[in-house]
1. What distance in nm separates the two pseudo spin-label positions at residue 30 and residue 130, each 7 Å out from Cα along the beta-carbon direction?
2. For residue 97, what is the net charge nearby, where nearby means another residue's Cβ is under 14 Å from its Cβ and Lys, Arg count +1, Asp, Glu -1?
3. Quick check for me: using +1 on Lys/Arg Cβ and -1 on Asp/Glu Cβ, what's the dipole size of the chain about its Cα centre, in debye to the nearest 20?
4. If we count other beta carbons within 10 Å of each Cβ, what is the order of 102, 119, 65, fewest first?
5. Would you mind checking the radius of gyration and Dmax of region 29-92 based on alpha-carbon positions, in Å?
Amino acid sequence: MLTRMATCRCGQLSAFCEGEPVRISVCHCLECQKRSGSVFATQARWPDEHVVISGDYTQWERIADSGHLATYKFCPICGSTLAYVNEGWPGVTAVAVGAFADPNFPKPRFSVYEHRKHDWVEVQGNQVEHSSDPGIAYTQGRLPGVVDD
């Protein structure tokens, strides 16, 4: 089975992800823009049991637009956010796609919070689902076994 490794910028924090991700998405919400330091963030999700985090990390929590608690794991040395979980997506861990440093990483299938998208950004592809409805971020491409609150 394929194992991918994501690392923080200094390399002391790693995420080992087994198998293919169950969801790859681009988010244009303002919080993801701040988290990534870019105008959008791209993340891939795996079942929790397929992700192993190795190294020291600091956690930070916030309440997402959905009202769910989001917990971020980031490197205490270089500050890179490597992974996060959101109680609105139970059972999966999201890993920042850029942390894999792999130009051949699979393409995203979902683009959410497009009402916050910068007008010069375009997520292309015939297979990409686009949404400006913030609520759709939790229903679009619904993962098996995820139950709405």
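1. Reported label-point gap for residue 30 and residue 130 is 2.3 nm.
2. Details: positive: 4, 23, 35, 45, 107, 109; negative: 20, 102.
Computed value for this residue: +4.
3. Details: 13 positive and 17 negative charges, 75 e Å.
The dipole of the chain has a size of about 360 debye.
4. With the fewest neighbours first, 102, 119, 65 line up as 119, 102, 65.
5. Using the Cα atoms of region 29-92, the pair Rg, Dmax is 11.9, 30 Å.
Each reported figure results from applying straightforward, stated rules to the coordinates on display, with no laboratory input. Not measured: the values here are computed from a predicted model. Every residue, glycine as well, gets a Cβ built from its backbone with ideal geometry; the counts of neighbours run over all protein chains shown.
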